[in-house]
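Asker: Encoded as structure tokens, here's the structure I'll be asking about.
All of the numbers you see were taken from the coordinates with simple rules; none came from a lab. Source: prediction; values computed, not measured. Heads up, the Cβs are rebuilt from the backbone with ideal geometry, glycines too, and the neighbour counts pull from every protein chain shown.
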Amino acid sequence: MKIQTINLDKGGGGKSSHAYNQAWWLATEKNKRVLLIDGARECNLSHSFDVTSEKTIYDIFQTGEYEGHL
Ligand SMILES: Nc1ncnc2c1ncn2[C@@H]1O[C@H](COP(=O)(O)OP(=O)(O)OP(=O)(O)O)[C@@H](O)[C@H]1O
Ligand SMILES: [Mg+2]
């Protein structure tokens, strides 16, 4: 298992694009199981994968509840 974080102290630097492309490549080309955790307020990464859940990462930390997305 590998854990990777993406951070850059600048808006529009390519964090979401990189996360999306790398996750997609790992899942489709390398046949890896990928868990993306979108901690950004604007949820661009979630929207890129058409995730429209009501629950947020806040709910996981508060109650452990989450909505799955396959
Ligand atoms: N679908 C798209 N079509 C064209 N340009 C895009 C698209 N998505 C992002 N971009 C551009 O690519 C660059 C990187 O965007 P990206 O959203 O990956 O950055 P980010 O670091 O995640 O930004 P933020 O800090 O706002 O979360 C930006 O200049 C953005 O305008
Ligand atoms: Mg972003």
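Asker: Where in the chain is the longest stretch that carries no chymotrypsin sites (Phe, Trp or Tyr not before Pro) classed as loop by DSSP and with at most 13 other Cβ atoms within 10 Å?
Answerer: 1-48
Asker: Under a Cβ-Cβ cut-off of 13 Å, what is the net charge of the residues other than residue 47 that fall near it, where Lys and Arg count +1 and Asp and Glu count -1?
Answerer: So the surrounding residues net to -2.
Asker: Cβ under 15 Å from residue 21's Cβ, residue 21 left aside: what net charge do those residues give with Lys, Arg +1 and Asp, Glu -1?
Answerer: On the way: positive: 15, 30, 32; negative: 29, 38.
Residues near residue 21 contribute +1 overall.
Asker: I would also like to ask the following. Based on the Cα atoms of the chain, what semi-axes does the equivalent ellipsoid have, where each is the square root of 5 times one gyration tensor eigenvalue, given in whole Å with the largest first?
Answerer: Each semi-axis is the square root of five times an eigenvalue, giving 20, 17, 12 Å.
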